Amino acid sequence: MAILLGSIADDYTGASDLANTLTKNGLRTVQTVGIPDPSLALPDVDAVVISLKIRSVPASEAVAAATSAERWLRQRGAGHVLYKICSTFDSTDAGNIGPVTEALSDAAGGGVVLVTPAFPETGRTVYFGHLFVGGQPLNESPLKDHPLNPMHDANLVRVLTRQSRNAVGLVDLTTIAAGPGAVKMRLDSFSFRTAGVTAVIADAIFERDLETLGEVALETPVSTGASGLGLGLARALVRSGRISSGGATTADAIRPVGGLSAIVAGSCSKATLHQLDIAERSMPVLRLDPERLLAGPHEIAAAITWAGERISAGPVVIAASAAPETVSRLQSIYGREASGHAIETATSIIATELVERGVRRLVVAGGETSGAAVDRLAIPAFLIGPEIAPGVPVLRTVGNAQGDMLLALKSGNFGGEDFFTAALAMMH
Ligand SMILES: Nc1ncnc2c1ncn2[C@@H]1O[C@H](COP(=O)(O)OP(=O)(O)OP(=O)(O)O)[C@@H](O)[C@H]1O
Ligand SMILES: O=C(O)[C@@H](O)C(=O)CO
């Protein structure tokens, strides 16, 4: 299998978001969980998205995992590798967007790398290096209260400089509006040897900006961005005439799997909290007590008993999610990472127990939460089905020991208020 576009995603929901965008824009795509085992039979595809769980790990660990994935992709023919990051640039000053971008550039022989989290379809735009979420600068958006990566600076040149060894450049919107030639000239002016720049933040407000960036990026070995840059790269590949399949098909991915259905949520985003309130009107919702979750296994056992009493009658929701004040209180007692990790472990055990009791259609809310659940379920890969909401497709497992399952991995901030019922309505 020779692939045209390779991607390394820093979390699993982000991977399915990107795989959805690539599929919608004409690339046959598979999402793998980690570097696939050689025994796994993958379909013939144009693009592979390797999901890693490295968004919130120490940068050196992220660099090691991403560079191994890059080698795997290059060995299978990938001419371009996109490092898929969050459209809200989730990372801390010790985060890995800078280190991984520089390491991938080094692995490809050096050179500047375009970086943009813009994803206009979900309201993420970048203007003179400043990231906006809807109408709000990043640092005024709900991301200021993210449980693991609170974002306090909308100026991405500054954010990325704090994480990087080399200097960070900017290609502003006026240059991008002048077309690919102007962007290339600007990148040449940042050539590493003369200006000491590796990563270059690129503005983008409309899809046409991302088409320009995709065309330029495709001629380079590496880029870093969210689904918007994926759209630009996919469209550039299709325009180049190198995609022979005549488009991707999602038909295989939506064959019914039957079984029971459930929703597990660990995302504490404003969007997920509202979606849970709405779900409460149509299905049973169990709100876990985070302190009891941290205290021992009883809360998990109680949740499984609760679900067992209801699930044969219809889908159930189990949520650890809580409002920012509650999350901060818990973190001040147990620490940010320790509480996040313990709750992810708990929700992943709950997801696995539900699958053991017959759940075959599973929705998980939250990137870290999804990563922990998919790892514990040991699912090796996914085919990409139809889109439930921008950035969230139906996924069908490939090579799964429990048999075929349908999943939806929802990024915290994605989906309309009725996301959970909308997702289950598409999964049979
Ligand atoms: N009640 C809670 N108190 C503290 N932390 C919590 C609580 N509930 C969940 N968490 C933790 O908060 C984190 C939420 O991160 P996660 O990535 O799953 O969601 P998200 O950030 O909204 O999604 P995304 O990364 O896709 O935007 C997880 O580590 C989860 O375990
Ligand atoms: O880009 C996004 O916002 C999402 O795909 C994501 O990565 C959230 O975890």
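The values are calculated or read from the model by the stated rules, or taken from the named source; none is laboratory data. These figures come from a predicted structure and were not determined experimentally. Ideal geometry is used to build each Cβ from the backbone, glycine not excepted, and the neighbour counts take in all protein chains shown. The accessibility values were calculated without ligands, DNA or RNA, using every heavy atom of the protein model including side chains. Shrake-Rupley method; radii C 1.70, N 1.55, O 1.52, S 1.80 Å.
State which residue pairs qualify: first residue free of Cβ contacts under 8 Å to residues at least 60 places away in the same chain and inside segment 334-349, second residue of a type in the set (Phe, Trp, Tyr) and open to solvent by 30 Å² or more (accessible area, probe 1.4 Å) in any location, beta carbons under 8 Å apart, and separation of 6 or more residues or different chains.
As it stands, the answer is 342/334, since those pairs meet every condition given.
Examine segment 127-134 for a residue that is closer than 21 Å to residue 220 by Cα, in contact (Cβ under 8 Å) with a residue 24 or more places away in the chain and open to solvent by 50 Å² or more (accessible area, probe 1.4 Å), and state whether such a residue exists.
Within segment 127-134 (the criterion being closer than 21 Å to residue 220 by Cα, in contact (Cβ under 8 Å) with a residue 24 or more places away in the chain and open to solvent by 50 Å² or more (accessible area, probe 1.4 Å)), the answer is no, since none of the residues qualifies.
Go through (1) open to solvent by 60 Å² or more (accessible area, probe 1.4 Å); (2) closer than 30 Å to residue 336 by Cα; (3) more than 16 Å from ligand 1 (Cβ to nearest atom) for residue 252 and report which single condition fails.
So the condition that residue 252 fails would be (2).
For a quick check of your reading: which helices (runs of 4 or more DSSP H) sit entirely within segment 176-236 and have at least 2 residues that are within 28 Å of residue 393 (Cα to Cα)? Write out each step before concluding.
Details: elements: 180-189, 192-195, 207-218.
Answer list for segment 176-236: 207-218.
Applying the selection to segment 132-171, what residues are outside any helix (DSSP H, G or I), within 14 Å of ligand 1 (Cβ to nearest atom) and not small (Gly, Ala, Ser)?
Residues satisfying the conditions are 133, 146, 147, 148, 149, 150, 151.
State whether one or more residues within segment 288-310 are within 25 Å of the chain's Cα centre (by Cα), away from ligand 1 (no atom under 16 Å from the Cβ), of a type outside the set (Phe, Trp, Tyr) and open to solvent by 20 Å² or more (accessible area, probe 1.4 Å).
no
Determine whether residue 413 is in a loop (DSSP other than H, G, I, E, B) and either open to solvent by less than 10 Å² (accessible area, probe 1.4 Å) or under 25 Å from residue 322 (Cα atoms) (or both). Step through it out loud before you land on a result.
On the way: in a loop (DSSP other than H, G, I, E, B): yes; either open to solvent by less than 10 Å² (accessible area, probe 1.4 Å) or under 25 Å from residue 322 (Cα atoms) (or both): yes.
Answer is yes for this residue.
For residue 396, which of the numbered conditions (1) assigned to a loop (DSSP other than H, G, I, E, B); (2) more than 10 Å from ligand 1 (Cβ to nearest atom); (3) crowded, with 22+ Cβ neighbours inside 10 Å fails to hold?
Condition not satisfied by residue 396: (1).
Please enumerate the residues belonging to segment 198-235 that are of a type in the set (Val, Ile, Thr) and either within 16 Å of ligand 1 (Cβ to nearest atom) or surrounded by fewer than 20 Cβ atoms within 10 Å (Cβ to Cβ) (or both).
Of everything in segment 198-235, those that are of a type in the set (Val, Ile, Thr) and either within 16 Å of ligand 1 (Cβ to nearest atom) or surrounded by fewer than 20 Cβ atoms within 10 Å (Cβ to Cβ) (or both) turn out to be 205, 220.
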